[in-house]
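J.: The structure follows.
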Protein chains: 2
Amino acid sequence: MNLLRDLPDASMAEIAQRLAGGASVRIERVVSLGQASPPGSWYDQDEAEFVVVLAGAARLRFADEEEPRRLAPGDYLDIAPHRRHRVDWTDPAIPTVWLAVFYR
Amino acid sequence: MNLLRDLPDASMAEIAQRLAGGASVRIERVVSLGQASPPGSWYDQDEAEFVVVLAGAARLRFADEEEPRRLAPGDYLDIAPHRRHRVDWTDPAIPTVWLAVFYR
């Protein structure tokens, strides 16, 4: 099983796949292809999220920061619960593969 | 913060660094450079472990399987609690970078 192969077709919508998890953790692969959060919309999650970009490129913005973070393969963020954030941009030319761990 | 850069020198011993976590989850980067589990020794963990190889190469063996799994970048395993396993080999020429999520 490989996170970088057999990617689903994300041309119509971002695709999240659950890989593993337990009572208080959920591990997902997310594949994006040009998607971004709708204008003005923010994630505001009850859980913490550790996220790493495995392939592609993205820009993620926190509501409490002026500039988006530019994310390339290997870049990771640990997002505290209820820290508002949005995906400003993902590469429209190649799939962006995220590994996300939601936890409490 | 990037998982593939600023790697610690693992030439003397495998190095684990805690990246994030909570009450029931621990997320670590582990860097290996030729290390393997001592002969005859097995990991037997109370927690489940989701592990992905981000760089390098390794062979991981389960006690209940004949052949080791060969792991390359992107390959992942979800190891159930108390499923005995060992690292048979990691590449001695280049660092192997693991992302490990221990969870309950």
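The values are calculated or read from the model by the stated rules, or taken from the named source; none is laboratory data. Just so we're clear, the structure is a prediction, and the values are computed from it rather than from any experiment. So basically every Cβ, Gly included, is an ideal-geometry build from the backbone, and we count neighbours across all protein chains shown. For accessibility, only protein heavy atoms count, side chains too; no ligands or nucleic acids. Shrake-Rupley method; radii C 1.70, N 1.55, O 1.52, S 1.80 Å.
J.: It is to be established whether one or more residues within the stretch A:51-62 are open to solvent by 50 Å² or more (accessible area, probe 1.4 Å), touching a Lys or Arg at 6+ places or on another chain (Cβ under 9 Å), in a loop (DSSP other than H, G, I, E, B) and more than 21 Å from residue B:72 (Cα to Cα). Please lay out each step first, then the result.
T.: Taking the stretch A:51-62 as the starting set, the residues that turn out to be open to solvent by 50 Å² or more (accessible area, probe 1.4 Å) are A:59, A:61.
Applying the additional criterion that residues be touching a Lys or Arg at 6+ places or on another chain (Cβ under 9 Å) yields A:59, A:61.
Checking which are in a loop (DSSP other than H, G, I, E, B) leaves us with none.
No, because not a single residue in the stretch A:51-62 is open to solvent by 50 Å² or more (accessible area, probe 1.4 Å), touching a Lys or Arg at 6+ places or on another chain (Cβ under 9 Å), in a loop (DSSP other than H, G, I, E, B) and more than 21 Å from residue B:72 (Cα to Cα).
J.: Here is a follow-up. Looking at the structure I just gave you, is residue A:29 in a strand (DSSP E or B) and more than 24 Å from residue B:103 (Cβ to Cβ)?
T.: Numbers: in a strand (DSSP E or B): yes; more than 24 Å from residue B:103 (Cβ to Cβ): no.
Judged against the criteria, residue A:29 is not a match.
J.: On the given criteria, is residue B:46 part of a strand (DSSP E or B) and either among the acidic types (Asp, Glu) or touching a Cys at 6+ places or on another chain (Cβ under 6 Å) (or both)? Quick ask: steps written out before the conclusion?
T.: Values: part of a strand (DSSP E or B): no; either among the acidic types (Asp, Glu) or touching a Cys at 6+ places or on another chain (Cβ under 6 Å) (or both): yes.
Against the criterion (part of a strand (DSSP E or B) and either among the acidic types (Asp, Glu) or touching a Cys at 6+ places or on another chain (Cβ under 6 Å) (or both)), residue B:46 does not qualify.
J.: For the stretch A:64-81, enumerate the residues that are of a type in the set (Asp, Glu), facing another protein chain (nearest Cβ under 8 Å), surrounded by fewer than 18 Cβ atoms within 10 Å (Cβ to Cβ) and farther than 21 Å from residue B:22 by Cβ. Spell out the reasoning first.
T.: Of all residues in the stretch A:64-81, those of a type in the set (Asp, Glu) come to A:64-67, A:75, A:78.
Filter once more, so that each one left must be facing another protein chain (nearest Cβ under 8 Å): A:75, A:78.
Restricting the remaining residues to those that are surrounded by fewer than 18 Cβ atoms within 10 Å (Cβ to Cβ) gives A:78.
Across the stretch A:64-81, there are no qualifying residues.
J.: Is there a residue being part of a strand (DSSP E or B) and within 19 Å of residue A:27 (Cβ to Cβ) anywhere in the stretch B:3-16?
T.: Yes, the stretch B:3-16 has at least one match.
J.: Given the criterion within 12 Å of the chain's Cα centre (by Cα) and farther than 20 Å from residue B:99 by Cα, identify the matching residue among A:99, A:60. Reasoning before the result, please.
T.: On the way: A:99 fails: farther than 20 Å from residue B:99 by Cα.
Of A:99, A:60, the one residue that is within 12 Å of the chain's Cα centre (by Cα) and farther than 20 Å from residue B:99 by Cα is A:60.
J.: Say we look at the stretch A:82-104 and pick out the residues that are open to solvent by 70 Å² or more (accessible area, probe 1.4 Å) and among the basic types (Lys, Arg); which of these is farthest from the other protein chains (Cβ to nearest Cβ)? Don't jump to the end; show me each part of the working.
T.: Applying the first criterion (open to solvent by 70 Å² or more (accessible area, probe 1.4 Å)) to the stretch A:82-104 yields A:82, A:84, A:89, A:92-94, A:104.
Checking the rest, the ones that are also among the basic types (Lys, Arg) come to A:84, A:104.
Values: A:84: 19, A:104: 6 Å.
Across the stretch A:82-104, the extreme among qualifying residues is A:84.
J.: Also, I was wondering about something else. Looking only at the stretch A:1-21, filter to residues that are more than 14 Å from chain B (Cβ to nearest Cβ) and either open to solvent by 20 Å² or more (accessible area, probe 1.4 Å) or among the polar types (S, T, N, Q) (or both); which one of those is farthest from residue A:96 (Cα to Cα)?
T.: If we filter the stretch A:1-21 for residues that are more than 14 Å from chain B (Cβ to nearest Cβ), which is where we start, we get A:8-16.
Filter once more, keeping what is either open to solvent by 20 Å² or more (accessible area, probe 1.4 Å) or among the polar types (S, T, N, Q) (or both): A:8-9, A:11-16.
Numbers: A:8: 11, A:9: 11, A:11: 11, A:12: 14, A:13: 12, A:14: 10, A:15: 11, A:16: 12 Å.
Applying the filter and picking the extreme gives A:12.
J.: Determine which member of the set A:24, A:32 is in contact with a Ser or Thr (Cβ under 9 Å, 6 or more places away or on another chain), of a type in the set (S, T, N, Q), at the interface with chain B (Cβ under 9 Å from one of its Cβ atoms) and in contact (Cβ under 8 Å) with a residue 24 or more places away in the chain. Reasoning before the result, please.
T.: Details: A:32 fails: at the interface with chain B (Cβ under 9 Å from one of its Cβ atoms).
Only one candidate qualifies: A:24.
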